[in-house]
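First up is the structure itself, then whatever we jot down about it.
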Amino acid sequence: MADSMGQLKRLLSYLREHKLHFMAGLVIVLLMSYTNGVIPVLIREAIDGGIVTGKYRVAVRYALLVLFVGILNGAFSFSGRYLLVKAAQHAVYHLRMDAFRAIQRHRMEFFDKTYSGQLISRITNDTERITRFLSFRVRMFVYSVFLIIVSLYYMARMNVALTGVALVTIAVVVALNTTYARKVRPIYDKIRHQTGVVASVSTGSIAGVKTIKALSVEEHIQGKFEKENEELYSLNVEATKITALYGNAPFLVMGIAMSAMLYYGGRAIMAGALTVGELTAFLTYMLTMTWPLRALGFTIGDIQRSLAAASRLFEVIDSAPAEVDPPDAVELENPRGEIEFRDVWLTYHTGKTVLKGLNLKIRPGEKVLITGPPGSGKSTLLKLIARFYEPDKGQVLIDGVDVRKIKTSCLRKIVAYVPQEPFIFNRSLRENIALAKPDASMEEIERAAKIAKIHDFIASLPEGYDTVVGEKGVTLSGGQRQRIALARALLLEPKILLLDDPVSNLDAETEKRLVEDLRGILEGKTAVIVSQRLSMAKLADRAIVMKDGQIVEDGKPEELAKKGGLFSEMLGRGGWNGE
């Protein structure tokens, strides 16, 4: 309970900037509750003072009053809803931004163990639930509670016995609603989690549709999706069953209560202890309270689900580092591009140790090839240099400074990382190249594209640099995507260039052209290249062979090739002079 109250208090703190709108909206909802609570009294007066006594003008006067109250309620409903929704949308806007900024601050380890679908679900579905809670559910809760209080007040003034029947009815309905909320919350928590799982499976399947079709594993993927979808279906059916049982029970209880009131009220009218107008008012009050009482059940359950949604968002926000850089982070002036690993150990969240006391020094301007069998830790070296990961033990240094002590903005200018499969956004080619430097001039963008040897291709397109490519660059070839990624990296004029298997997905001719161009691109830069291709080895001044997280061979490529060790095995049987 204390934890829930803390979550609620924190959630309401996002309303701080629009608290006047929120409070004004609640006051208007209270006014609407009161005016709705007065309508049965007006109906009583119209019946007893006008219809029963035959006073036509009195009946008309009260009818007009009911109409006026109805119009007033319409105005209250609009203005109260507008103010509360505006305040809620503003609060959720900031909550969503906080969550998104936190996701951006998270280290790579976080994304290794968190489904992207879960994050998407939190940013979209969870915030939507919170919006509905702050705008609709809070409004319904305040409206329902105050309307019930107003109704009981006027009912008690007319007949205490019938009010007692109403109180018992309300108590039973509240008990049913409380039971419903207790039973349904854990199921809805499971539904939210399973919705994220289904989103992750579908997102991954859509993103990897080419691979799925190429391997003809559609049935396997469909089976996996069907399993998760069936679990989501079962949970929703279970929640629907509980909702159907407890959600409709209040109508049965209210029906029994109204039957009892008709029986008792009819006898009271015959005995002269109750008027026709008063009985009508009582029945109207019961009908008026039917929806608020039912809404309270949904609201109680929704409060729990909304707080659970808020908790998931706060978990993302709180688990992110407060700042990307430590307070003593420094800028590197005139970087030389020297890289050093000192006794570096790294274990992934899966428990696998990928680097074991690694020591390595790369001189400024040196071109180093990293090769070795799969899982030997090659790509991990690049990610440590770029500070996507941080070592469990040891240091990674650039120009003698630990990368953890270099400001991230500075590190991103010094070190450029080109992944094996570059991500091309569904934007123009100009925006894709200028991603790391949005304010880059057209001249700078074109210069980077020319160095990456992609300018001529872009210039040949009808819309040139304004050409919008499909999601993940589906309209581009593998070589073109690699060159755009290179241009993106080169725009910052980095001193260190990290290439993660840049030619693995290219055909022989495209690979040959890219390698030839890379000779010029790498001029004057420190380059670390992960690859098992002979073409990449010929670009290197030095080759490092890794196995089981350690360096097993180190030397000039041509010398290692002649030794007949693991290096020559990794390059294939063609030998150093082969192609």
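The values are calculated or read from the model by the stated rules, or taken from the named source; none is laboratory data. Bear in mind the structure is a predicted one, so any value in this text is a computation, not a measurement. Positions of Cβ are backbone-derived with ideal geometry, glycine not excepted, and every protein chain shown enters the neighbour counts.
Being under 18 Å from PRO364 (Cα atoms), assigned by TED's automatic domain parsing to the domain that holds ILE370 and in a helix (DSSP H, G or I) is the requirement here; does LEU560 meet it?
Spelling it out, it is not the case that LEU560 is under 18 Å from PRO364 (Cα atoms), assigned by TED's automatic domain parsing to the domain that holds ILE370 and in a helix (DSSP H, G or I).
Give the residue, chosen from GLY255, GLY266, that is small (Gly, Ala, Ser) and under 17 Å from VAL168 (Cβ atoms).
Just one listed residue meets the conditions, GLY255.
Within the bounds of the range 207-215, is there any residue that is in the same structural domain as ILE120 (by TED's automatic domain parsing), at pLDDT below 80, assigned to a helix (DSSP H, G or I) and in contact with a helix residue (DSSP H, G or I) (Cβ under 8 Å, 6 or more places away or on another chain)?
yes
For the range 455-475, does any single residue satisfy the condition of being among the hydroxyl-bearing types (Ser, Thr, Tyr), at pLDDT below 85 and over 32 Å from the mean Cα position of the chain (by Cα)?
no
Is at least one residue of the range 225-233 surrounded by fewer than 16 Cβ atoms within 10 Å (Cβ to Cβ), at pLDDT below 85 and either farther than 26 Å from ARG129 by Cα or out of contact with any Ser or Thr (no Cβ under 9 Å at 6 or more places or on another chain) (or both)?
no
Yes/no per residue for (1) buried (at least 19 other Cβ atoms within 10 Å of the Cβ); (2) hydroxyl-bearing (Ser, Thr, Tyr); (3) out of contact with any helix residue (DSSP H, G or I) (no Cβ under 8 Å at 6 or more places or on another chain):
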| position | (1), (2), (3) |
| --- | --- |
| ILE458 | yes, no, no |
| LEU486 | yes, no, no |
| LEU492 | no, no, no |
| VAL503 | yes, no, no |
| ARG513 | no, no, no |
| ARG519 | no, no, yes |
| GLY524 | no, no, yes |
| LYS538 | no, no, no |
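Given the criteria in a helix (DSSP H, G or I), free of Cβ contacts under 8 Å to residues at least 40 places away in the same chain, farther than 18 Å from LEU497 by Cα and assigned by TED's automatic domain parsing to the domain that holds LYS512, does ALA449 qualify?
no
Would you mind telling me which numbered condition in (1) modelled with pLDDT of 90 or more; (2) within 33 Å of the chain's Cα centre (by Cα) HIS349 fails?
(1)
Output the helices (runs of 4 or more DSSP H) that fall wholly within the range 87-159 and possess 3 or more residues being more than 17 Å from THR195 (Cβ to Cβ) and at pLDDT below 85, or say none.
In the range 87-159, the matching helices (runs of 4 or more DSSP H) lie at 108-112.
Considering each of ASP507, ASP501, ASP466, ASP456 in turn, give the residue that is touching a residue at least 40 places away in the same chain (Cβ under 8 Å) and more than 21 Å from LYS413 (Cα to Cα).
That would be ASP501, the only listed residue that is touching a residue at least 40 places away in the same chain (Cβ under 8 Å) and more than 21 Å from LYS413 (Cα to Cα).
Among the residues of the range 339-352, what is the count of those that are surrounded by 14 or more Cβ atoms within 10 Å (Cβ to Cβ) and not aromatic (Phe, Trp, Tyr)?
Looking only at that region, the number is 6.
Somewhere in the range 147-157, is a residue within 28 Å of LEU95 (Cβ to Cβ), buried (at least 16 other Cβ atoms within 10 Å of the Cβ) and not hydrophobic (A, V, I, L, M, F, W, C)?
No, the range 147-157 has no match at all.
Can you tell me which residues in the range 551-570 are surrounded by fewer than 15 Cβ atoms within 10 Å (Cβ to Cβ) and farther than 16 Å from VAL368 by Cα?
Listed by number, the residues that qualify are LYS562, LYS563, GLY564, GLY565, GLU569.
Rundown of residues vs (1) in the same structural domain as ILE484 (by TED's automatic domain parsing); (2) under 16 Å from GLN482 (Cα atoms); (3) assigned to a loop (DSSP other than H, G, I, E, B); (4) hydrophobic (A, V, I, L, M, F, W, C), yes/no style:
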| residue | (1), (2), (3), (4) |
| --- | --- |
| PRO422 | yes, yes, yes, no |
| PHE425 | yes, yes, yes, yes |
| GLU431 | yes, yes, no, no |
| LYS437 | yes, no, yes, no |
| ALA440 | yes, no, yes, yes |
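I'd like to verify a number: residues in the range 46-57 that are more than 17 Å from THR275 (Cα to Cα) and not hydroxyl-bearing (Ser, Thr, Tyr), how many?
1
Quick check: is even one residue across the range 367-380 out of contact with any Leu (no Cβ under 6 Å at 6 or more places or on another chain) and farther than 28 Å from LYS538 by Cβ?
Within the range 367-380 (the criterion being out of contact with any Leu (no Cβ under 6 Å at 6 or more places or on another chain) and farther than 28 Å from LYS538 by Cβ), the answer is no, since none of the residues qualifies.
Is at least one residue of the range 266-273 surrounded by 14 or more Cβ atoms within 10 Å (Cβ to Cβ), in contact (Cβ under 8 Å) with a residue 60 or more places away in the chain, assigned to a helix (DSSP H, G or I) and not acidic (Asp, Glu)?
The answer is yes, given that some residue of the range 266-273 is surrounded by 14 or more Cβ atoms within 10 Å (Cβ to Cβ), in contact (Cβ under 8 Å) with a residue 60 or more places away in the chain, assigned to a helix (DSSP H, G or I) and not acidic (Asp, Glu).
Return the pair list, or none, for Cβ contacts closer than 8 Å from residues in the range 35-54 that are assigned by TED's automatic domain parsing to the domain that holds THR280 to residues that are acidic (Asp, Glu), at least 6 apart or on different chains.
ARG44/GLU278; ASP48/GLU278
Which of the residues spanning the range 38-88 are of a type in the set (Lys, Arg), closer than 29 Å to ALA156 by Cβ and surrounded by 14 or more Cβ atoms within 10 Å (Cβ to Cβ)?
Of everything in the range 38-88, those that are of a type in the set (Lys, Arg), closer than 29 Å to ALA156 by Cβ and surrounded by 14 or more Cβ atoms within 10 Å (Cβ to Cβ) turn out to be ARG44, ARG61.
Can GLU390 be described as under 19 Å from ILE529 (Cβ atoms), out of contact with any Leu (no Cβ under 7 Å at 6 or more places or on another chain) and surrounded by fewer than 21 Cβ atoms within 10 Å (Cβ to Cβ)?
Judged against the criteria, GLU390 is not a match.
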